[in-house]
Amino acid sequence: MEIFLDTAQVDEIRRATAWGVVTGVTTNPTLMARAGGDPETVLKTIAQLVPGPVSAEVIATDAEGMVREGRHLASLADNIVVKVPMTPAGLEATHRLAREGIRVNVTLVFQPGQALLAARAGATFVSPFVGRLDDVGEDGIGLVEEIVAIFRAQRLSTRVLAASIRHPRHVIAAARVGADIATMPMAVLEQLMRHPLTDAGLARFLADWEAARKGETEAAAARR
Ligand code: G3P
């Protein structure tokens, strides 16, 4: 399972890519607004920082507008993927953009039927929203699992991108049920790599090392 960062904060992306685990980025209008600055400059900068796909979402809600915006977003960098909402207009835009060779990520997927239709329309990625489903008492990871099973049974090549990830257990569960990608905020990526016993273990190793060195130095001084 690949790890994407769900952010438009360039400094976060720069920091995370240095660790060698992040292969792509997803943004949405909320994240772009939060990042501030000129959206096109921000997207171009992000596209240079990561080797893989960078999802940039359209704002238009009609198919014609989505296609127009999608073409423009895709022209900003080779690795930009057009993110389109799961609506009838979004499906039409997905179909039209895919026929032009532009990769599309269909977002705001909350049930397996939507994922199946997105795949049939030509989406390269579908984004089931795990956390937002959990928030309303449904089973977000269960949805990811069902979509993965359907795509495998139907031999659909559309990639399952688990989104709206809120904590490390979501990441582990998404990997376990076979998601192709999980996209997560920087805070979750940081939580994923930490454990208090790792920190305590390292502190202990260093303390033991220093104590032994101090002992050796004192013994050598006593011999002189
Ligand atoms: O980018 C889409 C998704 O990951 C948003 O997550 O936390 O706003 O539900 P969240």
Candidate set from the stretch 150-169 (those that are buried (at least 23 other Cβ atoms within 10 Å of the Cβ) and more than 10 Å from the ligand (Cβ to nearest atom)); member that is nearest to LEU189 (Cα to Cα): VAL160
In the stretch 83-98, what residues are closer than 9 Å to VAL67 by Cβ and crowded, with 24+ Cβ neighbours inside 10 Å? ALA93, LEU97
Out of curiosity, is ALA89 free of Cβ contacts under 8 Å to residues at least 40 places away in the same chain and not in a helix (DSSP H, G or I)? no
Residue check, THR61 more than 16 Å from the ligand (Cβ to nearest atom) and in a loop (DSSP other than H, G, I, E, B): yes
Residue under evaluation GLY24, criteria (1) in contact with a helix residue (DSSP H, G or I) (Cβ under 9 Å, 6 or more places away or on another chain); (2) buried (at least 16 other Cβ atoms within 10 Å of the Cβ), criterion not met: (1)
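Do the conditions hold for LEU133, that is, is it within 16 Å of the ligand (Cβ to nearest atom), over 16 Å from the mean Cα position of the chain (by Cα) and in a helix (DSSP H, G or I)?
Numbers: within 16 Å of the ligand (Cβ to nearest atom): yes; over 16 Å from the mean Cα position of the chain (by Cα): yes; in a helix (DSSP H, G or I): yes.
It is true that LEU133 is within 16 Å of the ligand (Cβ to nearest atom), over 16 Å from the mean Cα position of the chain (by Cα) and in a helix (DSSP H, G or I).
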Within the stretch 189-198, is even one residue within 15 Å of the ligand (Cβ to nearest atom) and closer than 24 Å to PRO85 by Cβ? no
Residue identified as modelled with pLDDT of 95 or more, part of a strand (DSSP E or B) and not small (Gly, Ala, Ser) among VAL25, VAL42: VAL25
Scope the stretch 104-117; condition in contact with a Leu (Cβ under 8 Å, 6 or more places away or on another chain), within 18 Å of ASN28 (Cα to Cα) and either surrounded by fewer than 20 Cβ atoms within 10 Å (Cβ to Cβ) or in contact (Cβ under 8 Å) with a residue 40 or more places away in the chain (or both); matching residues: ASN105, PHE110
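The values are calculated or read from the model by the stated rules, or taken from the named source; none is laboratory data. As the structure is a computational prediction, the values presented were derived from the model and not from experiment. In this analysis, Cβ positions are derived from the backbone assuming ideal geometry, glycine residues included, and neighbour counts consider all displayed protein chains.
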